[in-house]
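Below is one structure, written out as structure tokens, with a few remarks after it.
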Amino acid sequence: MRQGFDNEKYIELQAARIRERIAQFGGKLYLEFGGKLFDDHHASRVLPGFEPDAKFRMLSSLADDVEIVIAVNANHIEQAKVRGDLGITYDEDVLRLIDVFRSHGFLVGAVVLTQYAGQPAADAYRRRLAQLGVTCRLHYPIPGYPHDIARIVSDDGYGRNEYVETTRPLVVVTAPGPGSGKLATCLSQLYHEHQRGVKAGYAKYETFPVWNLPLNHPVNIAYEAATADLDDANIIDPFHLEAHGETTVNYNRDVEAFPVLRAMMERIMGESPYASPTDMGVNMAGYAITDDEACREAARMEIVRRYFTAAVAFRRTGAGLDQLDRLRSIMQKAGVDENLSPARKATLDKEQATGAPAGAMVLADGRVVTGKTGDLLGAASALLMNALKAVAGVDDALTVIHDDAIEPICRLKTEHLKSANPRLHSDETLIALSITSAVDPVARRVIDGLDALKGCDAFFSVIISAADEALYRRLGINVCCEPKYERASLYHR
């Protein structure tokens, strides 16, 4: 697959930039960490060559200087807010984050409960953290926030919040999701630090939009597609243009909030160290792009994927029409449509020819392979097998998994597990293939082709099962589906 991003260069540049910002503030920096830290698959899709764990690896190179503070909104705990991508509540995700950070040698300083107002669930969570030996600090709602600057930056505002004692030069403030209070936590800590005579600073680490790419660069438009549910929009940073005469890109919420944020920093620090939202950032991703056209192509594909994801979600839930309409406008702005991937046409042609659900995949070398629904394999399983045979150089007509390996699994599903669908899902197909590979060298060669499918795009003529979609994603295959079901029933798993 065509690469357009130098991952190692990015890690080196990004770490150096953060070190510079620490030095700018005399050795103490609060860094608000936005977006995905461990598994930034969006970045890896729109910047081919960016590894999903690149930001974590970059942070690991600074590990001896890093202390982690995790912010979580007490209201989110009270509401049992769930992180959609993981299916776990925010309070559980905080514990998961602590485990992950500690397992990689990071110091986790504290958990900050923001917007704390005596919520019963938050109190129970505080006790749980105490039992686990995790330091917890409370930050309270401030009347008049964020516009009553005089009250906010005073003993009656940030001064009421509990101070988090930190020992490292770089304090990374992260959270399980948006609305957790990362920025407010950073500013509260700045207030307390300056009250103690420590001239600490603040910066923001967010990968998108890429500030030094054009406003309507596909990579930046893909960010708008990724945040279509939030109605974020990329705009030219007017503060940066006025202060520096340089055109840079930021997103609307940061630009709108900047005058208030600047006023807060002036009151805390005496003067604002930043003239624009762009100045606050430390993102170096734009400097690691090595092939602009490869990134443009990848970003265009991501925009279309986001559209189909939203279309399927709308079909499933009936909610999200505004998001879907916004994505249609974003596609138009990017100059793409639903047929950008050749897999879609191949899929729909195959479905029309066979009269049954079908799928297609674009391989790394540009070949398009298809799969159809059969008696023993569904479209997702058939496509996966055909793609594996193609990358392994095995004749498509050759039977790799014999019926005597598949049929017992089908009988188990229908006779004992009472499944109405006898066909194998993708994970079950791989198990059958793995068993066959123990005695068949051709099957062994086929299963060894799994890594070659990472980053490929698959398309299906119907919404595939959750099991099939999950397996494809675990393999690193991008999945899109037509927003329709195979059957006309009202309930679908």
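Tabulated values for the structure
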{"quantity": "The stretch 14-34 versus the stretch 393-468: alpha-carbon centroid distance in Å", "calculated": "49 Å"}
{"quantity": "Footprinting exposure proxy for THR185, THR370, THR290 (fewest neighbouring C-beta atoms within 10 Å first)", "calculated": "THR290, THR370, THR185"}
{"quantity": "Three-way shape label, the stretch 341-481, alpha-carbon gyration tensor, a/c 1.5", "calculated": "oblate"}
{"quantity": "Positive dipole terminus of the chain, leading residue within GLY157, PHE308, THR167 (C-beta point charges)", "calculated": "GLY157"}
{"quantity": "Net charge dipole size for the stretch 341-481 [Lys, Arg +1 and Asp, Glu -1 on Cβ; Debye, nearest 20]", "calculated": "320 debye"}
{"quantity": "Amide proton proximity set for LYS81, modelled H, under 5 Å, gap of 5+", "calculated": "TYR90"}
{"quantity": "Exposure proxy order (Cβ contacts within 10 Å, fewest to most) of LEU412, LEU190, LEU13, LEU384", "calculated": "LEU412, LEU13, LEU190, LEU384"}
{"quantity": "Table column - 3J(HN,Hα) (Hz), the stretch 258-263, Karplus curve with 6.51, -1.76, 1.60, x for Gly and Pro", "calculated": "4, x, 5, 5, 4, 5"}
{"quantity": "The chain, relative contact order [Cα under 8 Å, separation at least 6], %", "calculated": "14 percent"}
{"quantity": "Reachable lysines from LYS454, criterion Cα separation under 22 angstrom, eight or more residues apart if same chain", "calculated": "LYS36, LYS55, LYS345, LYS372, LYS389"}
{"quantity": "Exposure proxy order (Cβ contacts within 10 Å, fewest to most) of CYS410, CYS481, CYS295", "calculated": "CYS410, CYS481, CYS295"}
{"quantity": "Expected 222 nm ellipticity per residue - DSSP helices of 4 or more, -39500 (n - 2.57), all of the chain, to 500", "calculated": "-13500 deg cm²/dmol"}
{"quantity": "Mean Cα-pair separation over length for the stretch 341-481, i.e. relative contact order, pairs under 8 Å, 6 or more apart, %", "calculated": "27 percent"}
{"quantity": "In nm, spacing of pseudo-spin labels at ASP155 and SER434 (7 Å Cα→C-beta vector)", "calculated": "6.4 nm"}
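FYI, it's all coordinate maths here, none of it is from the lab. Computed from a predicted structure; not experimentally measured. Backbone-built Cβ (ideal geometry, glycine too); neighbour counts: all protein chains shown.
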